Structures are given as structure tokens and as C-alpha cells.
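J.: Below is one structure. I have some questions about it.
Here, each number is a calculation from the coordinates, and none is a lab measurement. Bear in mind that the values here come from a model prediction, so they are computed numbers and not experimental data. Every residue, glycine as well, gets a Cβ built from its backbone with ideal geometry; the counts of neighbours run over all protein chains shown.
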């Protein structure tokens, strides 16, 4: 009997009578006839309760399901292992190609002499291919030894194959050797095109020392007079040269487990280079004591020095590759530049520092962590460091995007935030932390709160990639990606240990918020660590003029702002909250080229309530969020090397997000409490190399395994909690696999650049009926398995019209795969009985025009569910002159196949058949079908809908003088639903930002005045008119319910009259909705606004800094489009930072 799965041999079993003992758990094996699952479950429960009423059924499953489940983990492991095997083979091919290319380049002169003396190209080609074959045998031998030594460690993972399987040990080396020979053939063919005369003329007949030695010893060349040809043999000198160069770093390690082949060539250490230069200020004087840092992939710190008294610096021991050079000095803006070593080390660098603020010009988001200049990037990237962000908003990360073109900062309630990128938000915008996926599979289609969980105190910079980034990062990145870079580690020391501490306090008057953060760090010669803790408390928010434009009293009773303020006060009730967090980071420098990083972020919010569901719009009794908790961490290994393989990175991450809420409409309705927790384990491998001149390739794979925990209870007044179906089924498993490759090609040096990438993705969803609640014997969640695949790409180009003027263009395809949010509501849900899309296809159903009870057919046949897709095209100009810089971008995108819930319309009679394991009991004339589990028609998910969004964005920066500067930003977006003709949702209104800044000559004081102007948004979608955050449509039923419940709780109803106006309910309905009492929105547009603001900062010393701001000086009342709360009124903010240095 296979009781423990297929991994173990069957063991003898002994059966005994259950009444003889008291087992803690039992397994009941039932043999049944061909009955529907729901009927079988009900019958089984009834039979068990008739014998033992107190027995609890923890899980019900068929033997087939249990058998398949025992294979699920090995199947995913096999898929993952196979994917990395393919990646390993590609790395092996690249390694051999790089080594042979290097050998050919080093021996070019030798080959030229041999050709001149009579050797044929075919003989030289054969010799090189033979050399590669010998090296592959050497690597395979090392791999065999390692596999034999480690075979017992993986014996438990094997099934019906032994750890010493002879076929595996025979086939794998043969495959590796064949790959090595084929990979070496391409560079070896270069020999066939060699011109001996040109080679000798170029080299002036100089022979390399190794060739001189071999000619003297007559061991390299042997003359055969009978055939008048040369047979080339590796000489002892050449072997010594090769061994000295490559043996310490090069091996092909073959290790195969169930067809798992990994071959990783560790290439030779090539020559090191020196980066040197001089740093000077705007007047041309040297800047001593400036910090010069050299950063690698994902901004890992490689070198750090200080400039000397003459402003000079030098960074030694730098190998070939692409790096970010960052220079900072007190009172100056940050300098950034991408260096391509060794090309950019041929001459000394001259680095001018500016007093006026400059845009950060190096991004790591568009290239999987590799640095690239924004000027060259064919996509639009906004980069802001914490210093630039904190002067806008001192504590809350989502609010820091409010001044950016192309980004709509949406905030449903204080403490939350969901930036909208080019009309895409929530689950169609990908969040990253240090380049690792932060999104999970339960992110909803509406605006989300999860970015607000990331503490601003733990942030170093934020990069916003506008436009699809799915080829780089996979699903969800339709509108773009937001990459949060965590706080950098303290730099290594030359000797000894250095400690530092930083304390920051902040205050804002609009919500009477106060907070503090403490940062402690230490570093030695080989290690670096930091620990950051923060806490902040926000009281009730005061909006402009003390008003609340969408308050429930104004929405349902149309009371004036003065009347609302007299009843509720000038501060919004239920907008207070608190947040605490801590983060840690630890880095180890294993050697000059290897680094290990550990990072963890823990954050929690307290007292968050959804304001638009309470007094901010709907008037419900309760809508609390809690717990709201984040735990995110990773371990990352990075290796920077020379030769073809420029970098290798392996990362393991843990992303644990807990989202709970408690809701209650009125005192007489049940109180529902739900908690969802997703734990996502991530595995990522990435490489970068330069196989040929002017090409930079990146490739990698990632696998995320998500586990969903869900629990929900309903409590009737005076009753006991009863378990109900959670929105996201308990025990759900969601897995995703991605393989990607991209290439950056400098087609014309310093003139024309191309970039292209592609990605293959695989997704798997599984839910389990036995892990969830049963209602009346019926499972509320079915046993379901769904899989999806996708292949996407991006391509772009940048052309330098002048060194300071760039024309760029890009096309990309983004996608979002169906997630637990889309598939997890199968079974009995709040929207009706929902079935898998494959069930709708099986029944031959047509897609309904809605998910309501009166839905009718669209005439479109139901198709298998596919990922949502967005095609985007963009182009524009960028310019970087000394006094004028900026960009203008035009984009056009089309969004296809939105995943929506729709009613099944079945054109033929299917009564008596089953759907979702439930018998169909009725079917109406339209074709809507019904089951006994729910009175509403059966629904499912379908791809339907098409939206076009287009617009223009621009930025202009002017340096009037060395101390005066201005920044102008503008964006205008438009959108249409092409299938309905309605305006698209989430489209930002026209936006304009302008600032004027002055900095003193020493850089100790800066002052800035700025204005934000937003045009009205009159192009509203019908769903936005219904949304209480925007149009706030009212119905007679809603007004009546609030009059009889919510207004009663507020003490506004006495003797059936509204005390403020003395009206009855009928009179209120007539005044608000008119005699016909037709539903009507409170607003038909989002009003525009303009604000006047002032801010500044002063350095009180080398270790003290004060920042302050006076915002919304006119106390204007306004609301950002889509937000659920009005913006703060007049607001005084300040933050003080002090550093304690040894």
C-alpha cells in the first residue's frame, strides 16, 4: 500500500478495530458508485454523523487527486530543474565561445605566421576544435567526480533511478562534449578568413614569445615533406600559458539529476584597469573630500575612495564590465555616470559638480540590475533618491510621486496609496524591491494599499519604469514597474571598524503627524551592516478649508460644507493611523569580485480604516483593515568577473504579506472578519556577458512559489462566529516560472543603440476543496487546476542626433496572467456560483454582457482563459545641455482581453448536466443556467474588452545661473473603451508642475517655490460615476438606508426628521433626487485645482540638516482624481536629521 507516496517502498500494514484504541486521526477509505462529488460528500457526512456526531472531517479527496498531488511537487521541481538545465547549457556554450574567442585573439599572430609558412586554415581549425574537445573532457571529468561525491545527498529525490545510473553518467558527458565542440566551432572559423600578409604587416613581423619558444624547440610545427603541410600540436609553452591563464578559474562542471545538466564556465581573470579623474565645482576649483563610489549590478558597492586636496581620485583593480560611478559632496548635487571598462578608462575623467539639482541619470530597472544611462534608454524612466522624495513627503512613500508627469497618485484612505502609470494601476503595475517581485497573486483589480507598507525610512531611491516591462519582470508589468531600492550599506573600511548613527524626526500639521527613525550602521574591511527602525503616528486629516467634498452627509443629504463641519468637525473622522517598521541589511565581501547580501524589511500598520466606506462616502458602520503586515527579505550572491561572463547573481527571497479586514454595514447586520496571508518563495538566477564586441547580453530565470492562507468568519448580533468562505481559498497554490534573455547592441559607436528582449512564462493555479468550508454538505471551493503560458518581448532604439540630443523609440508587449484573484472565486462566492472557464467552454457557452441577473448574450463564444495583454508604442526626444535638459515622450497603448466576470449564456438545453460538480437544475429562455447552490445565474471569467490609452509627457529643466534653476513637467493622457465607446477608467487629468529654486554659493541653504496645476477630469467612465470616491452616485435605497441607520447613530434623526433641515425622508429624497427619484451622481467631473507651495532646507553643520515646507498656502480644497480622501489643506512640515559619527 503506497501510504507515503511514490518516493518510499510499500510497507506492511496492520489493521485493527478503531474502538480498541483512541487514535488522534483516522483515514476513511470509501468505495462509491459514480456519484457527483457534492452528493457523495453530503452522503458521506450524513453517514459519519449518524455513527459519531462529534467527528470532524478535515479533508475529502479522491485517490486520483491524492496520487496526482503526490506528483505535483516533483513535477514543478522537474520543470524548474529542467529550466535551469537549459540555462546552464546556454552559459556553458557562452563560456566555451568566450574562451575560444579569447584564444583565437591571443594566437592571431601565431596563426598568421603558420599560414604564411604553408599551413592550411582547415588544419588550424581542426587543432582549435580538438583543443576545445580536450577541455570539455577535462570539465566533464571534474563534473563526474563532483556528481559521484554528491550523489548520496540527492538519493531521496530520485524515483526509479539510482544515484549511480550508468546511462546518465554516459550520456551527460557526451552531450557536454558535443556542445563544447559546437560552441568552439564559430570562433574557430575566424581563422579561415585570416589574411597572413595583412596580419604580418600589422604586427610588423613580431612573433609572440610563446611562438619564438616553440619555433626554437621545433615542437609547435612539424614539416612533412611528403604532404607539404603543417600539423599543429599544442606545445608545452602554449599549454603552460593556457594553464596559467585559465586553470584557476575555468571548469565545466557536469551535474545531472533527472536530466538536470549544469555547466558553468568560470572564466579567466583578465587585466585590471584604473579609473582616475578630478572633481571640481562650478567655478572650476577642486573639491576635496568628495565621496567617489563604484557600483556594480543592483548598485552593490565595489570601491569607495575620497578625493585628495587637489580633487583627484583613483579606483584600482577594476575588471572589464559596466559600472555606475557616483560622486557626492556636501552642498552639491549627486553626479552619476555609466562607465564601460576598459573603453572609458583610456583617459582621465573630469567631473563637474553642480549646486542646482540635477536628475539622476543611471537606471538599473530596465536591464535586470545592470546600470544604464537614462539618455540611452529607449523607455521612459523616472529616478528619484530619498533626498529628492523626502522634500515632497517626509514619511509616506506613495505620496512622493505626486509631482511626477505620467503618474497619478491615488489614495483611497490615508496610509494607503496606489500610483497609476499611464492609466494602469493596482494589479497591472508591478512593484519591485531591489529588483525582486513584490506583487503577489491576490492583488485585486481595484486600487491597492500595499506600496504604503514599504517604509520610506528604509528606502534609498525609487525608479519608475513607464510602459510595459513584462519582458524584464514578467506578469503584471503592463503600465510599468516601480522599483524601490532599499537603503545602501555603509561602505567598507580600509582598516578597523567604523560605526555611525543617524536620527531623524518629522512633523506635519495637516494631520498632526509625528515620527522618528533611527539608523545605525557599522562596517569593517570585509563586512557592512545597517539596522533601521521607525515609527510614526497620524491623527485625523484636515482637508483644504476644513471641508470634505464627498462626505456621506453631503452625498446623501446634500448638506453644505459649513453644516458638515458643524456636525463632524474640521478633521476627518477615521483617518488616523500609525505605522512601525524595522529593516536590516548585512553584506559580506567574500573577495574583490564576490559579494553576499542579506536583507529583511518588517512593517505593520495599525488603525487603518477605509474612509470612503465610512463617513467619507457610504456611511457603513465598520470597515477596518487589520492586520496589515509585511515581511520581505532576500539572500543575494553576486559575482563580478572578467572575460565573457561579466556577472553572475543568485537570489532567494521571502515575501510574506498579511491582509485582514473587518466589515459591518449596520448594527443589525453580521460582522465579517477575514484574513488573507500569502507567503511567496522566490528563486532567481541571472547572468550578464558580452559574447561579441558591442553586445551586452543578460539572461536568467526565476521561480516563485506562493502559498495562500485564508480564513473568514461571520458573527451575527448576539451569536457566535461561523466560518464562511474566504475570498481567496485557503491552501491555494500559485506558481510561476520565467526565463528571459535580452541584448543591448551598440550598432554605431556612440551613435546608434538597440535593445531587445524576450521572456517565456509559465503559471499554475491549484485550489483544494478539502481545505475550505463546506456549506450544507457542498464544498464552497472546488478542486481545480489551471495552467497558463505566455511569450512576450520588447524592442527599442536610441539614435544620437548630436552628443546631447537623442531620438528614441520603443515597442513592447506587457501581460498579466490570471491569478488567485481571478481564479480563486470559483464555487459559492459573493457574485454567485462561479465555475472554471474550461467548464464554460465545455458547455459551449456564450459570454454574457454583464455579471448581473439580467445579462444577455454578446454572441461571443466562450474561449479558454488567456493572460491580459497590452501593446505599447512610444517615442520622443531627450536633450542634455549644460543649462537646458529635458525630454518629451509620446505613447500609444492598447489593452486587450481584460479578465472579467460574466454570466454563462448556453444556447442549447443543458438541464440535468453538471457544471462545477453541481447538477444544472434550471435554464431560462435567454440561456442563463442555475444550480441549487445559488439562486443567481452561473458565472465564470472571460477575456473581453479593449481599451486604447494615449498621451504625451514632457519635462524641462533650466539652469538660469549657477544658483537659480527651474523645473517644468507636463502630461496629458486620453483613453477610450473601444468595444463600448465609453471613456477609459483611471485616466489622469491634464497636469502641470513648475518650480523656481535658489541655492546659496556654498550649498548650505536652498529655497524653492512651486505650483501644481491639474485640469478638471470631465471624461468619466460610467463606473467612475458610480464610485463613491469620484462621481458618488446616489439611489433612493441608499439614502433611505443611511437615513434609518447611519444618521440615527450620529443623532441627526429625531421624530423622523433630519434635525439639520427639519425634513422627512420623503422630503430629503425629493430634494436630492427630484420627484422621479432617479439615481444621480453627486459629481459629474473631478474638479481641477492649483496650489501654491514653498519649501527649503539648511545644513546647520556637517552632521545636521533641517528641511521645512509650507504647502497649499491658499488652503484650497481639492481631491486628486480617483482618491477616496481630499488632499491636505494648508500644511506645515519639517524634518530634522542629525548624524553621529565617530
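J.: How large is log10 I(q)/I(0) at q = 0.23, 0.24 Å⁻¹ when the Debye formula is applied to the Cα atoms of segment 270-354, each weighted equally and without solvent?
T.: Treating every Cα as an identical point scatterer, log10 I(q)/I(0) equals -1.12, -1.21.
J.: Report, to two decimal places, the Cα Rg of segment 872-1015 normalised by 2.2 N^0.38 Å (N = number of residues).
T.: 1.88
J.: With only alpha-carbon pairs counted, each pair once and no self-pairs, how large is the Kirkwood hydrodynamic radius of segment 311-411 in angstroms?
T.: For segment 311-411, the Kirkwood estimate is 15.8 Å.
J.: If you take the beta carbon distance between residue 720 and residue 567 as r and set R0 to 45 Å, what does 1/(1 + (r/R0)^6) give as a FRET efficiency, to the nearest 0.05?
T.: About 0.80, to the nearest 0.05.
J.: Could you tell me how far the Cα centroid of segment 992-1052 sits from the Cα centroid of segment 918-935, in Å?
T.: 44 Å
J.: Ok, one more. Over segment 638-725, calculate the relative contact order: mean separation of alpha carbon pairs under 8 Å at least 6 apart, over the residue count, as a percent.
T.: Computed value for segment 638-725: 28 percent relative contact order.
J.: For the pair residue 1060/residue 497, report the inter-label distance in nm, with labels modelled 7 Å from Cα in the Cβ direction.
T.: Inter-label distance under the simple model: 6.3 nm.
J.: Taking a quarter of the surface of the Cα convex hull of segment 865-911, what do you get in nm²?
T.: Mean orientational projected area (segment 865-911, Cα hull): 5.7 nm².
J.: For segment 1001-1122, max minus min Cα coordinate along each principal axis, in Å, sorted largest first?
T.: Result, largest extent first: 70, 36, 21 Å.
J.: Taking the Cβ of each residue in 689, 879, 582 as the centre, tally the other Cβ atoms inside 10 Å and list the residues starting with the fewest.
T.: 879, 582, 689
J.: Place a point 7 Å from the Cα of residue 1130 along the Cα-to-Cβ direction; which residues of segment 546-572 have their backbone N under 14 Å from it?
T.: Hits in segment 546-572 for residue 1130 at 14 Å: 546-547.
J.: Here's a follow-up. Can you check what the Kirkwood hydrodynamic radius comes to for segment 577-685, Cα pairs only, in Å to one decimal?
T.: It works out to 17.1 Å.
J.: OK, next. Extending each Cα 7 Å along its Cβ direction at residue 1026 and residue 1139, get the distance between those two points in nm, one decimal.
T.: Taking the two extended label points, one gets 5.4 nm.
J.: In which sequence would 114, 146 go, from the one with the fewest C-beta neighbours within 10 Å to the one with the most?
T.: Least to most surrounded, the residues fall as 146, 114.
J.: Could I ask something else about it? Quick one: if you stick a label point 7 Å off each Cα along the C-beta vector at residue 776 and residue 1098, how many nm between them?
T.: Reported label-point gap for residue 776 and residue 1098 is 7.3 nm.
J.: Here's something else I'd like to know. With no solvent and one point per C-alpha, what does the Debye sum give as log10 I(q)/I(0) for segment 798-905 at q = 0.13, 0.19 Å⁻¹?
T.: So the normalised log intensities are -0.64, -0.99.
J.: Just want the ordering: 550, 46, from fewest to most Cβ atoms lying within 10 Å of their own Cβ.
T.: 46, 550
J.: Can you work out the FRET efficiency for the pair residue 791 and residue 531, with r the C-beta to C-beta distance and R0 = 41 Å, to the nearest 0.05?
T.: 0.40
J.: Next question, about the same structure. So what are the three principal axis dimensions of segment 446-582 from its Cα atoms, in whole Å, longest to shortest?
T.: Cα extents, longest axis first: 70, 41, 18 Å.
J.: For residue 750 and residue 1078 in one chain, what is 0.36 nm times their gap in residues minus the Cα-Cα distance, to one decimal in nm?
T.: 111.6 nm
J.: Then there is this: For residue 116 and residue 1085, calculate 0.36 nm times their separation in residues minus their Cα-Cα distance, and state this gained length in nm to one decimal.
T.: Value of the extension gain: 340.6 nm.
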